[in-house]
Amino acid sequence: MKIVILGGVAAGAKAAAKARRMSADVEIELYTDDTHISYSACGLPYYIEGNFEDYRLLLVRSPEEFEKSGVKIFLQNRAAKILPYSKQILIENLVTKQAYLINYDKLIIATGARAVVPNITNIDLKNIFTLRKLEDGIAIKEKVLNSKSAVIVGGGYVGIELLEALVRQNLHVTLFEYAENIMTIFDEDMSKLIYEQLMSISNGRFEIYTSELVTEFSGDNSGVHTVRTGSGKEIKTDMVIVAAGAVPNVEIAREAGIAIGETGAIKVNDRMQTNFEDIYACGDCVEENLIISNTKIWMPLGANANKEGRTAAINACGGEEHFHGVLGSSVTRCLSLTMSMTGLTEKRALQLGYDAVFAKVTKNDKVGFMPDANNITLKLVADKKTGLLLGCQAIGSGDADKRVNTVTSALLAGMTVDEFYKNDITYAPPFSPTIDPLLNAAQILLAKIEKTSDEKI
């Protein structure tokens, strides 16, 4: 049997490694238009920031290591067309420009996602970057080390992580976000709090402008030097990074008749199987099931990609593995501020028809007399009718993410707020107040739910 894998970063590389462990006899070929495989794209902002100098630390497994295990790796070979009825793929060698057909018995699509490139005048000028591939990170790092100022277009996860990276490299940074808030994946009140807390630690090192559309870049043969916005702002800069989001690479799948889901990513079942029995898909090109609401979500994260790649490989090799979905859990940081979430926001819960209620608290993450105690703000969301816990958002300079990780287990278990409030959370002064902020929030939320129930009696 021959398994062909298209794409080789997180999901594709994981699928190749797992398929080889599943069977020593199966023939495995991996094709990618990239110059590297099996690397941590999530680590690129931290490489740019200067946490480590050798980009090779981002490489998980080399092509040579795969080859030694009998996995054939074809770098800079792009899949141009999938022919599912003849089980063939048209491959284009990007170096020689030659095209050729290959056969497969099982196909795993892991084509990932690509950066959104907005329609901005002169966006092709030199020193305007996007960040998706390893080469992007290397090029940005090189320019950063020879720059004094930068503009970031976009205030989502990548934009915020790059804000930290560039500030720590002593650049003056201006960030423009078209929406009313940065980090719009959070509820509006939490997004505003993120903005306020970041600006409180700016100290003139960076500016953040929201509701601001970048309309034009200008420069010369040496590259970009000015950014203009719709409101008339004009910012001089040495470089620009466009972090306006990403979209799944699904064109080759769509053209082959592979079903695309409601999110715009490839539709798969819990075996990572497409509408073609012998074609699987995984990673940033597929949509996932949001476990809490049983609705579809597209959330391109490395942890999900690895799990999906493993699942696809097991099933392609004749095994039986199921990936039931995600909770929408995520975390990032910017300077001293941690931002984390899981499950449904209040806004999303209302959109899905839940009778959403929330509790929001700001507390120290440790006992106040501890020298490293810091504030965190937690927002717990639940359904008033059933008492079911729906989600959590946490931001602050303290240990916000560990509170969110606690909630993820509760969501997976389908706990009500009442059940969660009975949780036996650890306590010691260096780690938590006597009553953890999570339990404070749960107590307030439970009172709101019980009040609503009393009013209905």
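On a C-alpha basis, how far is the centre of the range 54-85 from the centre of the range 103-153 in Å? Whole number, if you could?
Using only Cα atoms, the two centres lie 20 Å from each other.
At 0.36 nm per residue, and after removing the present C-alpha to C-alpha distance, how many nm does the segment from Val247 to Ala303 gain when stretched out fully?
18.4 nm
Test of the criteria: in the range 1-101, which trypsin sites (Lys or Arg not before Pro) are in a DSSP loop and have at most 16 other Cβ atoms within 10 angstrom of their Cβ? Before the final figure, lay out each step's value.
Values: sites: Lys2, Lys14, Lys18, Arg20, Arg21, Arg56, Arg61, Lys68, Lys72, Arg78, Lys81, Lys87, Lys97; in loops: Arg61, Lys87, Lys97.
Sites meeting the loop and neighbour criteria: Lys97.
Hey, if you drop one equal point scatterer on each alpha-carbon of the range 188-306 and run the Debye formula without solvent, what base-10 log of I(q)/I(0) do you get at q = 0.13 Å⁻¹?
-0.80
For the range 214-219, just list the computed ³J(HN,Hα) in residue order, Karplus coefficients 6.51, -1.76 and 1.60, θ = phi - 60°, integers in Hz, with x standing in for Gly and Pro.
6, 10, 7, 10, 9, x
Just in the range 21-73: which chymotrypsin sites (Phe, Trp or Tyr not before Pro) are loop by DSSP and have at most 15 other Cβ atoms within 10 Å?
Answer by residue number: Phe52.
Can you tell me how the range 1-138 classifies by the Cα gyration tensor, rounded, prolate or oblate, using a/c under 1.5 as the rounded cut? If you can, show how the numbers build up before the last one.
Details: a/c = 2.43, a/b = 1.39, b/c = 1.75.
In terms of gyration-tensor shape, oblate.
Distance cut-off 32 Å, Cα to Cα: go down the list Lys307/Lys379; Lys141/Lys307; Lys236/Lys347; Lys143/Lys296 and report the pairs above it.
Flagged as over cut-off: Lys236/Lys347; Lys143/Lys296.
Taking θ = phi - 60°, what integer Hz values does the Karplus form 6.51 cos²θ - 1.76 cosθ + 1.60 yield along the range 254-265, in sequence order, with x for Gly and Pro?
Listing the rounded values in order: 4, 5, 7, x, 6, 5, 9, x, 5, 7, x, 9 Hz.
What GluC sites (Glu not before Pro) does the range 287-372 have in DSSP loop regions with at most 11 other beta carbons within 10 Å?
Glu320
How would you rank Met239, Met299, going from fewest to most other Cβ atoms within 10 Å of each one's own Cβ?
By the 10 Å Cβ count, ascending, the order reads Met299, Met239.
Say each of Asp220 and Leu59 gets a label point 7 Å from the Cα, pointing the same way as Cα to Cβ; how far apart are those two points in nm?
3.9
Rule-based calculations on the coordinates, nothing more; no lab input. Quick caveat, the model's predicted, so the values are computed rather than measured. So basically every Cβ, Gly included, is an ideal-geometry build from the backbone, and we count neighbours across all protein chains shown.
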